[in-house]
Amino acid sequence: MTSAPSTNNKHIYLDYNATTPLDPRVLDAMMPYLRENFGNAASRSHSFGWAAEEAVKIARQQVADLLGASDKEIIFTSGATESDNLAIKGAVEMLAKKGKHIITCVTEHKAVLDSCKYLETNGLADVTWLEVGKNGLVTPEQVAEAIRDDTVLITIMMANNEIGSIHPIKEIGAIAHEKGIWFHTDATQGIAKLPFDVNDLNVDMASMSAHKIYGPKGVGALYVRRRKPRVRLSPQMHGGGHERGMRSGTLNVPGIVGLGAACKIAKDDFDKDQAHYKALRDRLEQKIRGALDHVELNGDDEQRLVTTFNISFAYVEGESLIMGIPEIAVSSGSACTSASLEPSYVLRALGVGDDLAHSSIRFSVGRFTTEAEVDAAADTVIKTVRKLRDMSPLYEMAQEGIDLSSVNWDAH
Amino acid sequence: MAYSDKVLDHYENPRNVGSLDKAAKDVGTGVVGAPECGDVMKLQIKVSSDGVIEDAKFKTFGCGSAIASSSLATEWVKGKTVDEALGIKNTDIVEELSLPPVKIHCSVLAEDAIRAALTDYRSKQNPDEKADSE
Ligand SMILES: Cc1ncc(COP(=O)(O)O)c(C=O)c1O
């Protein structure tokens, strides 16, 4: 295994869906472009520019190779948020004469939700917001039923960041293609964790981000299909006409080199990474589910990213749970840990009650996670949940067979 | 969120966690709050024949500040008479634990839990008098 990036942090990082550390091999590839090879990839008249241009060309091919695409179909951006914005707003603007109906789902990342909302609020699009099932998934049938004569775009994420549920992208893409509708997927969480091929999956646009796949933050890409259909987008960033006019701005050469290197490693190490993720995720999951009763998996048991495990602990309050595991870096559905003071909208969409949403934890493992870390994290979580349940009047009542929903609570 | 040292101490080493026999005549039980609000406190007192609270236990479902407030409440009621215990105010708890404004409701709930337990105890002593509902 590649050695982990060195860190003096004693905390256990199990939040790889939020971001990943730079793979040291990626940093090595980037370094020359942060030092001596500082040229502007658009400078055609000297060797500084040529070196940068050549590096970007190689990176573009590396990204394309991971996606099963051609290098001409890769647009570099500042990350998946920008890619989502460009795909959705750019397509709707481009197709304004053809129609203005788009289809998405309620558990998308905010970058997709808010792009769609922006279009809706400004009268630029009619949006169908598909609900998800208890497992967090939309079905191809739901998508097919939502299609109208004026539907121009379907955007459904590949895999959900919070619960890891994997949508039936290939089937949805086939429906879109049959109807001549463009299909975009936010593949930020799917790429490098699932087999990915734009042709196999019938995808016309795909968003991705480097920092979720051991590359640097602030760089990403949008795959834009060139043939059948030829997708053209209205630029959302105007300027010097970079990236085939779709995204102006001097290229972030070191970032792009990092993204390319990260994609190459993801492709070369795919099987090894998969086996590693699955072994550790399953180990963590089995330990926790084996030791504790009254736990609920959030998301789909089968159709789920191998890195991800989102679980709710009944009869335990979320903030006290997080307080008990300060050395473990995880995400929580608890309102107290988010800026919004609302429990997760994704868990709500699955029909998870607020109490269980508050006591949810998302664990996500990665390339540098070790067995020892997983074991220590599982032990701490189990210990904390047991301690809090020993202290919980609700757990006591549940053990006594009292139906908590029948209790006349003195709510304030 | 940053917690005060005292909240952390009560969270790490909660005092008097447990349950007393709620059917016993010398035990008063108060259960306040609701699961959907994120806090439920159960506070119990055991009163000696001379009217002194000789034991107190709690169980709390809630954030660290709620746990600390109820843990502290059990510490404070012990050794007090029923009337003295009624004098414990939520503001005393806020001060002792350095609770931030968003956590004041935890102290209110702890005061309510004490009162509910005392009311329950009193109604058991004078079954004819209707407990004054506050
Ligand atoms: C599914 C999904 N889409 C989009 C994003 C945004 O990516 P970025 O941070 O590169 O803008 C993220 C990560 O936060 C994500 O998980």
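The values are calculated or read from the model by the stated rules, or taken from the named source; none is laboratory data. A quick note: this is a predicted structure, and the numbers were derived from the prediction, not measured. Heads up, the Cβs are rebuilt from the backbone with ideal geometry, glycines too, and the neighbour counts pull from every protein chain shown. Side chains included, ligands, DNA and RNA excluded: accessible areas come from the protein's heavy atoms. Shrake-Rupley method; radii C 1.70, N 1.55, O 1.52, S 1.80 Å.
Length gain on complete extension for the stretch A:Arg289 to A:Leu124, per 0.36 nm per residue less the alpha carbon to alpha carbon distance?
Extra length from A:Arg289 to A:Leu124 when fully extended: 54.7 nm.
Go through A:Phe183, A:Gly249, A:Leu137 and say which Cα lies farthest out towards the positive end of the charge dipole of segment A:24-268; charges sit on Cβ, +1 for Lys and Arg, -1 for Asp and Glu.
Result: A:Gly249.
Regarding chain A, what is the average projected area of its C-alpha convex hull, in nm²?
22.0
Based on alpha-carbon centroids, what's the gap between segment A:64-83 and segment A:239-256 in Å, whole number please?
Measuring centre to centre over Cα atoms gives 12 Å.
Give me the accessible area per residue for segment A:24-268, probe 1.4 Å, as a whole number in Å².
40
Only Cα pairs within less than 10 Å get springs; with that Gaussian network setup on chain A, which residue of A:Gly333, A:Gly180, A:Gly220 has the largest fluctuation?
Result: A:Gly180 has the largest fluctuation of those listed.
For chain B, what is the Kirkwood hydrodynamic radius in Å, using each pair of distinct C-alpha atoms?
14.6
If R₀ is 56 angstrom, what is the calculated FRET efficiency for the pair B:Asp9 and A:Phe48, using the beta carbon separation as r and rounding to 0.05?
Given R0 = 56 Å and the Cβ-Cβ separation, E is 0.40.
In whole Hz and in residue order, list the ³J(HN,Hα) couplings for segment A:165-178 that follow from phi through the Karplus curve 6.51 cos²θ - 1.76 cosθ + 1.60, θ = phi - 60°; x for Gly and Pro.
Each residue's phi maps through the Karplus curve to give 4, 9, 6, x, 4, 4, 5, 5, x, 5, 4, 4, 5, 4 Hz.
Say each of A:His238 and A:Asp390 gets a label point 7 Å from the Cα, pointing the same way as Cα to Cβ; how far apart are those two points in nm?
The two pseudo-label positions are separated by 6.6 nm.
Using per-residue counts of other Cβ atoms within 10 Å, averaged over each peptide, order B:7-15, A:255-263, A:13-21 from highest down.
Ranked from most to least packed, the peptides come out as A:255-263, A:13-21, B:7-15.
When the Karplus curve 6.51 cos²θ - 1.76 cosθ + 1.60 is applied with θ = phi - 60°, which whole-Hz ³J(HN,Hα) does each residue of segment A:220-226 get, with x for Gly and Pro?
Running phi through 6.51 cos²θ - 1.76 cosθ + 1.60 with θ = phi - 60° gives x, 8, 10, 7, 10, 4, 9 Hz.
Pull up all non-local amide H partners of B:Thr81: gap of 5 or more, or a different chain, and H-to-H distance under 5 Å with H placed in the peptide plane.
It is B:Ile53, by chain and number.
Be a star and scan segment A:170-214 for residues whose amide nitrogen sits under 16 Å from the point 7 Å along the Cα-to-Cβ vector of A:Asp65.
A:192, A:196-197
Mind checking how much accessible area B and A bury in total, 1.4 Å probe, in Å² rounded to 100?
By this definition, chains B and A bury close to 2100 Å².
Obtain the nm distance between the two label points defined at A:Arg25 and B:Ser49 by a simple spin-label model: each point lies 7 Å from its Cα along the Cα-to-C-beta direction.
If labels sit at A:Arg25 and B:Ser49, their model points lie 8.1 nm apart.
Hey, for a label at A:Glu302 modelled as a point 7 Å past Cα toward Cβ, could you say which residues of segment A:122-161 have their backbone N under 20 Å away?
Backbone N within reach: A:132-143, A:158-160.
Computed FRET efficiency, Cβ-Cβ of A:Asp282 and A:Thr380, R0 25 Å: what is it to the nearest 0.05?
After rounding to 0.05, the efficiency reads 0.85.
Name the residues of segment B:1-28, by number, that are at least 40 Å² less accessible with every protein chain in place than in the isolated chain; the surface is that of heavy atoms, probe 1.4 Å, without ligands or nucleic acids.
The answer is B:Tyr3, B:Tyr11.
Compute the whole-percent fraction of alpha carbon pairs in segment A:24-268 spaced more than 28 Å apart.
Cα-Cα pairs of segment A:24-268 separated by over 28 Å account for 29 percent.
Hey, got the average number of other protein chain Cβ atoms within 10 angstrom for residues in A:346-359?
Across the residues of A:346-359, the mean count of other-chain Cβ atoms within 10 Å is 1.
Along segment A:21-26, what does the Karplus equation 6.51 cos²θ - 1.76 cosθ + 1.60 (θ = phi - 60°) give for ³J(HN,Hα), rounded to whole Hz, x for Gly and Pro?
x, 5, 5, x, 5, 5
Calculate the mean, over all residues of peptide A:390-398, of how many other protein chain Cβ atoms lie within 10 angstrom of the residue's Cβ.
Per residue, the number of nearby Cβ atoms from other chains is 6 on average.
Ranking request for peptides A:364-377, A:147-160: highest mean number of other beta-carbon atoms within 10 Å first, then the rest in descending order.
Peptide ranking by packing, descending: A:147-160, A:364-377.
Counting only protein chains, not ligands or nucleic acids, how are A:Asp390, A:Asp269 ordered by accessible area (probe 1.4 Å), most first?
My answer, sorted largest first, is A:Asp390, A:Asp269.
Could you work out how far the C-alpha centroid of segment A:165-202 sits from that of segment B:44-91, in angstrom?
The distance from the Cα centre of segment A:165-202 to that of segment B:44-91 comes to 59 Å.
Quick one: if you stick a label point 7 Å off each Cα along the C-beta vector at A:Thr250 and A:Asn135, how many nm between them?
Distance between the two pseudo-spin positions: 5.0 nm.
For A:Glu162, A:Glu400, A:Glu327, what's the largest-to-smallest order of accessible area, 1.4 Å probe?
Solvent-accessible surface, decreasing: A:Glu400, A:Glu327, A:Glu162.
When you look at the Cβ of every residue in B:36-42, what mean number of other chain Cβ atoms sits within 10 Å?
6
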